[in-house]
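Note sheet for the following structure.
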Amino acid sequence: AQSVTQLGSHVSVSEGALVLLRCNYSSSVPPYLFWYVQYPNQGLQLLLKYTTGATLVKGINGFEAEFKKSETSFHLTKPSAHMSDAAEYFCAVSPGGEKLTFGTGTRLTIIP
Amino acid sequence: EAQVTQNPRYLITVTGKKLTVTCSQNMNHEYMSWYRQDPGLGLRQIYYSMNVEVTDKGDVPEGYKVSRKEKRNFPLILESPSPNQTSLYFCASSLGSPGSYNEQFFGPGTRLTVL
């Protein structure tokens, strides 16, 4: 069975600073990996996804994530945080079947 | 506009009173799913459907029922709600299963309180 661990339920960064949100997964087969973002009082929307091929994946709003098989990680980064990035971020994994497993989420706060 | 709609958005009910939360998508998606979101637990899948008349259990199906009689609709039924089903519920749809790297489109959520 697959699982997802997001380290840090709350992360605070200053505006303009690097954003790093951590995600580690376990999967018995090469997984499909996703990052979703949830803005206050809204549903989730896709930031980016990794399927196969290039391990550095670029998403919307300047975010990117790198798939590292040896570390079973898929950390999300953004070089310079903006106030509008304040949201909750979810990492998710699918082993290639019909189910999608989400992590517990990381709430990102941006300090002016 | 392509979207997933849920109704109602907010619902307060009492223990044991049957309720249905509707979900509808206008994107001709085959895959639909229900999740519940609880603080500290993230999103957990309740049920999913690969197509009309095809449904299967997710990780937390106890106390819930679903049906998929039409492609666009996927209602969530709580036959006898209990307080531990107080949660934020999301419906989602995608062209195919998540395992085919399909993006899930989420509805706006239904906040349910069971007293």
Review point. List pairs: first in the range A:88-108 and within 7 Å of chain B (Cβ to nearest Cβ) and farther than 14 Å from A:C23 by Cα, second open to solvent by less than 10 Å² (accessible area, probe 1.4 Å) and assigned to a strand (DSSP E or B), Cβ under 6 Å, 6+ apart or cross-chain?
Key: A:L100/A:A92; A:L100/A:S94
Exercise for review: Only one of these is of a type in the set (G, A, S), touching a Cys at 6+ places or on another chain (Cβ under 9 Å) and either more than 10 Å from chain B (Cβ to nearest Cβ) or within 13 Å of A:G103 (Cα to Cα) (or both): A:A17, A:A65. Name it.
Suggested key: A:A65
Check your understanding: Given the conditions (1) part of a strand (DSSP E or B); (2) away from every other protein chain (no Cβ under 14 Å), which single one is not true for B:D56?
Key -> (2)
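Report yes if B:T55 is surrounded by fewer than 15 Cβ atoms within 10 Å (Cβ to Cβ), among the polar types (S, T, N, Q) and farther than 19 Å from A:F34 by Cβ, otherwise no.
no
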Revision key, fill the gap. The number of residues in the range A:20-43 that are in contact with a His (Cβ under 7 Å, 6 or more places away or on another chain), open to solvent by 60 Å² or more (accessible area, probe 1.4 Å) and either hydrophobic (A, V, I, L, M, F, W, C) or within 14 Å of chain B (Cβ to nearest Cβ) (or both) is 1
Check your understanding: Which pairs do you get when a residue that is farther than 19 Å from A:Q6 by Cβ, found in the range A:34-63, comes within reach of a residue that is hydroxyl-bearing (S, T, Y) and open to solvent by 60 Å² or more (accessible area, probe 1.4 Å), reach meaning Cβ atoms under 6 angstrom, with the pair 6+ apart or on two chains?
Key -> A:T51/B:Y101
Study note, to complete from the structure: For the range B:29-50, the count of residues that are within 7 Å of another protein chain (Cβ to nearest Cβ), of a type outside the set (A, V, I, L, M, F, W, C), over 12 Å from the mean Cα position of the chain (by Cα) and part of a strand (DSSP E or B) equals 1
Revision key, fill the gap. Subset of the range A:68-89, residues assigned to a helix (DSSP H, G or I) and open to solvent by 50 Å² or more (accessible area, probe 1.4 Å), comes to A:K69, A:S70, A:E71, A:M83, A:S84
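In the list A:A17, A:A92, A:A54, A:A65, which residue meets the criterion of being hydrophobic (A, V, I, L, M, F, W, C), in a loop (DSSP other than H, G, I, E, B) and in contact with a Ser or Thr (Cβ under 8 Å, 6 or more places away or on another chain)? I'd like the intermediate steps shown before the answer.
Working: A:A92 fails: in a loop (DSSP other than H, G, I, E, B); A:A54 fails: in contact with a Ser or Thr (Cβ under 8 Å, 6 or more places away or on another chain); A:A65 fails: in a loop (DSSP other than H, G, I, E, B).
A:A17 is the lone residue from the list that is hydrophobic (A, V, I, L, M, F, W, C), in a loop (DSSP other than H, G, I, E, B) and in contact with a Ser or Thr (Cβ under 8 Å, 6 or more places away or on another chain).
The values are calculated or read from the model by the stated rules, or taken from the named source; none is laboratory data. Everything numeric here is computed off the predicted structure, so don't read it as measured data. FYI the Cβ positions are ideal-geometry reconstructions off the backbone, even for glycines, and counts take in every protein chain you see. Heavy atoms of the whole protein, side chains included, go into the accessibility calculation; ligands, DNA and RNA do not. Shrake-Rupley method; radii C 1.70, N 1.55, O 1.52, S 1.80 Å.
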